[in-house]
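The values are calculated or read from the model by the stated rules, or taken from the named source; none is laboratory data. Treat the numbers as computed from the prediction; the structure is a model and nothing was measured. In this analysis, Cβ positions are derived from the backbone assuming ideal geometry, glycine residues included, and neighbour counts consider all displayed protein chains. These accessible areas exclude ligands, DNA and RNA; they are computed on the full protein's heavy atoms, side chains included. Shrake-Rupley method; radii C 1.70, N 1.55, O 1.52, S 1.80 Å.
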Amino acid sequence: PLEPWNRRVYHFNQRFDEWVLLPVVNAYQAVTPRVVRSGVSNFFNNLADVGSLANSLLQLKGKRSMEITARVLFNSTFGLLGFWDVASHMGLPRHKEDFGQTLGTWGVPPGPYLVLPFLGPSNLRDTTGLVTDFLVEGEIDYLSVSEAANHGHPEIYGLRVIDLRYQTGFRYGQLNSPFEYEKVRYVYTKARELQIAE
């Protein structure tokens, strides 16, 4: 039902990505050594693992919760606050869990498909989950990152956005299809169903 809005936002996101975000990411790659970029990604992934742990517990995934706990502990200590992902080398793979998945696990329907400005594909349930995850992360404030970002270091948020786009492999136009919007919607919807079912 939101397709006219979604298509306009999709077009806006494509232009913003091509004209602003990707040039910034390309500059980031050009001036930042790979080992530094990897460390930044690992650090932010370690922060995200704390939210994944909370959602894994809410989904009653006992084994996964223990694995995520071990990841956070090992990466935060032996990995020097998460800059090195020692847990993956120890056989503890990264699991992404979010509140949208948690709601889906407990039977909340996805609601209408929704394309968010800057953030891309979502739905009503996952958008609610996204907001909740953001608020919870600010409250938990693991390693005091949110406090630092809110008190004199807003560049942390900027670096996190750049790193998130750097880690995201999708590029607009890569599907080489006039039906890219439909394909992205389909892939997102099916991927979320699989993530919730696992």
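Quick rundown of the values:
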{"quantity": "Selected residue (criterion: surrounded by the fewest Cβ atoms within 10 Å (Cβ to Cβ)) from residues of the range 144-169 that are touching a residue at least 24 places away in the same chain (Cβ under 8 Å) and of a type outside the set (A, V, I, L, M)", "calculated": "167"}
{"quantity": "Hits in the range 84-126 - residues which are out of contact with any Asp or Glu (no Cβ under 7 Å at 6 or more places or on another chain) and in a helix (DSSP H, G or I)", "calculated": "86, 87, 88, 89, 101, 102, 103, 104, 105, 124, 125, 126"}
{"quantity": "Within the range 170-198, tally of residues that are open to solvent by 90 Å² or more (accessible area, probe 1.4 Å) and more than 28 Å from residue 4 (Cβ to Cβ)", "calculated": "2"}
{"quantity": "Pick from the range 129-143, criterion in a helix (DSSP H, G or I) and charged (D, E, K, R), ranking: least open to solvent (accessible area, probe 1.4 Å)", "calculated": "133"}
{"quantity": "Residue list for the range 149-198, filter: under 17 Å from residue 115 (Cβ atoms) and among the aromatic types (Phe, Trp, Tyr)", "calculated": "170, 172, 179, 181, 186, 188"}
{"quantity": "Among (1) open to solvent by 60 Å² or more (accessible area, probe 1.4 Å); (2) farther than 25 Å from residue 64 by Cβ - the single one residue 93 does not satisfy", "calculated": "(2)"}
